[in-house]
């Protein structure tokens with residue numbers, strides 16, 4: 001009884017084995033577990049050129065310039081160089097937005113310039129250009145100014161050709177270069193003419209550039225900035241704002257939907273395909289350098305207006321009582337301006353688009369026969385425009401018909417063409433189509449440049465603000481190509497090459513699409529937010545059962561080591 | 001001296017005033033309205049959440065937002081639930097006067113697609129490239145967005161289908177990303193859950209007006225039950241919102257403001273304290289029309305009389321001019337087409353070479369296969 005069973009004493013081999021076991025467990029945890037945990041929970045953030053991105057967003061990286069080259073042909077003018085110099089001075093002085101400036105150049109070989117299309121780019125003498133060396137052969141000419149003496153007794157006047165970039169300027173035959181007064185008056189006239197032609201474009205570009213460089217501010221409409229000191233521009237801010245709010249955002253492709261909505265069962269067909277081919281397609285082709293278009297059309301019968309839009313009857317002869325309307329009383333139905341804003345019956349009309357690019361809708365509405373003629377109050381064209389959406393035209397067929405021919409549709413297309421141009425942002429002012437298209441190219445380049453830069457800025461701030469978001473490598477490559485495209489675009493702008501392959505527009509397009517791609521990278525969805533206590537809740541059940549034995553055994557081992565060490569020291573002292 | 005200084009001040013003031021006037025005019029400009037309506041719960045007993053969201057859907061549609069601009073996220077397991085005694089209908093009132101599920105319902109995210117991830121992806125537009133247009137929020141800096149959420153929530157979170165939850169921080173970050181990318185002009189965030197007001201407490205992006213049904217530690221209650229349906233059919237907060245909208249905002253030209261709506265909230269009726277957060281929203285609520293968010297009022301531009309020049313061009317003349325511009329290009333195109341043809345022919349010959357290569361590869365592959373089969377047979381005989 002006395003020798004109660006006690007466990008055999010720990011052999012040194014056992015102790016050593018146990019130490020090895022504990023050590024190996026710990027080494028597995030430290031060498032394998034911890035790095036694994038670190039790797040799997042860390043967030044990969046590809047390096048981004050943050051400084052460069054920020055400087056683009058601030059507008060510091062590139063000072064966008066829009067030098068417009070104006071060729072001057074003055075075959076009969078004595079001493080044109082001198083005149084050009086004064087005009088250039090006048091232009092520079094009057095220009096308060098230096099990024100967009102006109103540059104005059106004298107065509108040397110006058111004889112070659114008879115090409116009527118005004119496209120011939122000529123060898124030129126650098127007379128008045130501001131001394132920079134990079135005016136290449138391929139620099140596009142914004143306009144050609146042709147100075148010819150007018151009829152005797154006439155004053156200065158100019159005429160703009162609709163189909164070319166040529167501005168025919170007739171100066172008064174009494175012009176005398178040696179007289180200061182006469183030369184001043186002509187130079188002022190020329191500079192005013194040029195400014196007038198490009199004023200609208202300049203305003204738009206200045207608005208675009210100024211609104212974009214400012215970071216998003218608490219108020220969404222902060223760009224009330226005209227950054228010009230003279231009052232004349234301020235008046236136009238509202239107008240420019242209105243115009244900006246109308247323009248569709250740039251897209252490399254737009255979809256045009258032409259819809260015929262008829263309130264009754266007729267007309268049943270329309271010659272829309274031929275009309276578009278004949279009337280609109282040439283315009284779309286001309287615009288193809290800027291954006292491409294796809295077109296479709298549809299007919300919807302018994303398409304009623306929104307139920308709360310009720311046109312009112314206005315008899316021609318106001319003395320007659322209104323309830324006589326059914327008795328063949330001449331008069332018309334009128335839609336008020338308030339009705340128009342809810343005219344589109346979006347619940348019933350099939351206007352939803354399935355394309356991935358923006359759609360511009362054009363609607364021809366044929367009212368009920370009982371409600372014909374239907375007019376829009378205060379509208380001469382019987383049409384209206386919905387900003388960033390499309391246009392609507394109310395068509396009153398002269399007699400009930402089942403077929404709308406090409407001629408019937410012409411008035412509608414007249415309006416739609418104008419609406420399309422204004423939805424795309426083409427300036428309305430100079431009648432010359434090439435100049436308007438050039439302006440549009442420059443505007444769109446500016447828009448793309450600013451939108452790409454602002455996207456970079458957004459991405460920059462996003463990466464700073466959300467440290468838990470991962471940034472894959474594809475984002476950093478996209479940002480890289482955005483930056484290089486932006487640099488190219490900026491360079492091309494300075495050189496005055498706006499359109500064409502490798503031009504500013506194309507580079508801007510690349511930059512914008514790459515920037516969008518970087519920002520909308522689909523793996524960059526912010527991780528679901530975990531409060532700290534959630535993290536504890538996740539780790540504790542995992543770490544508790546494993547961690548406690550590990551920790552306890554480690555403590556035991558260390559204590560044993562200390563004990564051994566003490567005994568050994570005591571033994572050494574005793575010896 | 002004094003005179004000299006004072007003269008410019010009135011003019012300066014005037015220009016400043018004019019500028020401010022323009023700013024305020026511009027401020028209310030938006031060109032499109034979008035709505036994101038989310039019911040985050042599933043299962044039959046959450047009938048009322050689906051009814052809430054469908055009622056809102058009906059309202060915004062009634063006021064003119066087209067289906068293409070409404071994103072409807074719901075479990076959609078109620079209308080055809082076996083427990084539903086009125087199959088294929090959903091009602092939001094015991095009088096069953098209005099079938100919300102009637103016709104023309106376009107659900108964009110349905111059933112198990114209603115997840116936190118999809119919701120965040122929708123808001124930030126970080127979607128798969130092949131996502132259809134109807135599942136994307138294609139807004140820009142001129143779009144007003146109305147976000148309505150309902151479900152079961154708690155302090156700073158909202159459950160999604162009993163499986164996961166979204167926190168107030170997640171939504172706030174998502175909205176911030178939207179603001180950064182200029183994806184909205186103004187936003188109305190409306191939420192009907194328990195402790196709903198905590199959900200918008202973390203927002204920090206500008207131009208968001210937020211409202212919720214109940215404050216911290218407060219439940220949000222249902223309005224009434226339908227005995228035949230067997231469950232509650234609508235929540236109180238949504239019910240009184242709808243009541244106001246139905247009675248006052250008859251059509252899209254209504255001039256009622258958000259202030260009118262918020263003033264109509266009555267704690268006694270709603271049984272909880274609805275909250276409104278305006279500090280991010282820099283407009284007076286009595287200037288903000290309800291239809292700025294619930295309706296789709298498009299700005300319209302017409303030409304004045306005698307201004308038809310501006311809106312009308314002679315299209316045949318324009319076509320002629322345009323043809324003038326493009327005709328040289330067309331010729332180039334033709335040349336290019338010919339060049340391309342030449343290239344294509346070259347490519348065909350290259351293909352032939354590839355075909356040959358693939359044939360030899362086939363032979364090699366077949367031989368390898370046969371060799372393997374032989375080796376296997378050999379191997380199986382070996383041990384004997």
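Derived value for chain A: Kirkwood hydrodynamic radius 30.3 Å. Basis is the mean of 1/r over every pair of different alpha-carbon atoms. Based on C-alpha pairs under 8 angstrom that are at least 6 apart in sequence, chain A has a relative contact order of 17 percent. Annotation: the residues B:159, B:268, sorted from fewest to most other C-beta atoms within 10 Å of their own C-beta, follow the order B:268, B:159. In chain A, the longest principal axis of the Cα atoms and the axis of helix A:532-574 are about 30 degrees apart. Against the main long axis of the alpha-carbon atoms of chain A, helix A:473-495 sits at an angle near 30°. Rounded to the nearest 10 degrees, the angle from helix A:80-94 to the longest Cα principal axis of chain A is 60 degrees. Each label point was placed 7 Å from the Cα along the Cα-to-Cβ direction; for residue B:367 and residue A:21 their separation is 5.9 nm. Taking label points 7 Å from Cα along the Cα-to-Cβ direction, residue A:162 and residue A:474 give a separation of 5.0 nm. Compared with the alpha-carbon gap, the fully stretched path from residue A:51 to residue A:253 is longer by 69.5 nm at 0.36 nm per residue. Residue by residue along A:348-357, Cβ atoms of other protein chains within 10 Å of the local Cβ number 3 on average.
Overall, the anisotropy analysis places the range B:166-276 in the oblate class: the square-rooted eigenvalues a ≥ b ≥ c of its C-alpha gyration tensor yield a/c not less than 1.5, with a/b not exceeding b/c. For the range B:31-294, the Cα gyration tensor yields ellipsoid semi-axes of 25, 21, 19 Å (square root of five times each eigenvalue, largest first, whole Å). Between residue A:58 and residue A:399, the C-beta separation translates, for a Förster distance of 45 Å, into a calculated FRET efficiency of about 0.10.
If you wrap the Cα atoms of the range B:84-216 in a convex hull and average its projected area over all directions, you get 9.6 nm².
Highest mean first, how do A:295-308, A:78-91, B:138-151, A:441-454 rank when packing is the count of other Cβ atoms within 10 Å averaged over residues?
For the peptides A:295-308, A:78-91, B:138-151, A:441-454, the packing ranking is A:441-454, B:138-151, A:78-91, A:295-308.
Taking the DSSP bridge list for chain A and keeping only pairs wholly inside it, about 25 percent are antiparallel. Peptide A:375-384 has a mean shielding of 5, counted as Cβ atoms of other protein chains within 10 Å of each residue's Cβ.
Ranked by how many other Cβ atoms sit within 10 Å of their own Cβ, fewest first, the residues B:239, B:47, A:357 fall in the order A:357, B:239, B:47. Over all pairs of different C-alpha atoms in the range A:518-575, the reciprocal of the mean inverse distance, the Kirkwood hydrodynamic radius, equals 16.2 Å. Averaged over the residues of A:333-341, the number of partner chain Cβ atoms lying within 10 Å of the residue Cβ comes to 3. Neighbour counts of other Cβ atoms within 10 Å put B:264, A:206 in the fewest-to-most order B:264, A:206.
Label positions at residue A:294 and residue A:481, each projected 7 Å from the Cα along the C-beta direction, are separated by 2.2 nm.
Suppose R0 equals 30 Å; then what is the FRET efficiency for residue B:162 and residue B:243 from their Cβ-Cβ distance, rounded to the nearest 0.05? Result of the calculation: an efficiency of 0.50.
Between residue A:377 and residue A:542, the FRET efficiency from the beta-carbon distance, with R0 = 60 Å, is close to 0.25.
Kirkwood hydrodynamic radius of the range A:377-522, from the reciprocal of the average inverse Cα-Cα distance over all distinct pairs: 18.5 Å. Once the Kirkwood radius over Cα pairs is known for the range A:349-433, the Stokes-Einstein relation at 37 °C and 0.692 mPa s delivers a diffusion coefficient of 226 µm²/s. Helical runs assigned H by DSSP (4 residues or longer) give chain A a calculated mean residue ellipticity at 222 nm of -14500 deg cm²/dmol, each run adding -39500 (n - 2.57) before division by the residue total.
Where a number appears in this text, it was derived from the coordinates with a stated rule and is not lab data. Remember, predicted model here, so these are calculated numbers, not experimental data. Glycine gets a Cβ as well: all are built from the backbone with ideal geometry, and neighbour counts include every protein chain shown.
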